[in-house]
Amino acid sequence: MGRGPRYRVPLRRRREGKTNYYKRFKLVISGKPRLVVRRTNEYYWVQVIEARIEGDRILAAAHSRELAKHYGWLGDYNNTSAAYLTGLLAGYRALLAGVEEAVLDIGLQAPVRGSRVFAALKGALDAGLRVPHSEEILPDVERIRGEHVAEWARKLAEEDPEKYNRLFSRYLSRGLRPEDLPGHFDEVAARIKTDYEEKLKRVVREV
């Protein structure tokens, strides 16, 4: 409802709580592509986007569903490990698209130190994409590999097998014991790196 003759109705996406236009403006005027990290209840999206007058242009993108389809991932699609792997995949694709540097755009997500959104950033960094950041915000390697999940699963399997089977039913239905998550993560990360480092080498040779 208007509050005076100078009142301006906020833009629709601002009213809906979907876009902070002040932050978006600061990111756009940097002149660099944005590493956009978004999550749903089940998945992670990581995109490298260039702002243009006619609208945003996606230069590279990765979705956590691709981890299972192309690289044999058996874990969840929205946990810390999946966020890292999706960021790794997007980072490599950005390099293939000729993008070497970007600025992080996490939208309206809270910038919590060590959170999944920064695991996605860590993945893009490890791919070789340059993104300004502070090292202290990144999750440690143990958490990214899912060692905390594996440790809890081992303890739960001994103390309450019924709860173990219930809580990790999706892992088990896919053929992955949660205790084996760190090793499985390493295997999938290695597949992605091997795949894209070969592609990057071919691009360099062609140039």
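One residue stands out in the stretch 171-195 among those that are closer than 18 Å to Y77 by Cβ and among the hydroxyl-bearing types (S, T, Y): the one that is surrounded by the fewest Cβ atoms within 10 Å (Cβ to Cβ), namely S173. Applying the criterion of at least 2 residues that are within 24 Å of the chain's Cα centre (by Cα) to the helices (runs of 4 or more DSSP H) found wholly in the stretch 136-207 leaves 141-144, 147-159, 169-173, 181-206. The listed residues are G91, G128, G123, and the only one of them that is at pLDDT 95 or above, touching an Asp or Glu at 6+ places or on another chain (Cβ under 9 Å) and closer than 14 Å to W45 by Cα turns out to be G91.
The values are calculated or read from the model by the stated rules, or taken from the named source; none is laboratory data. All values derive from a computational prediction rather than experimental measurement. Here the Cβ is made from the backbone with ideal geometry for all residues, glycine too, and neighbour counts use every protein chain on show.
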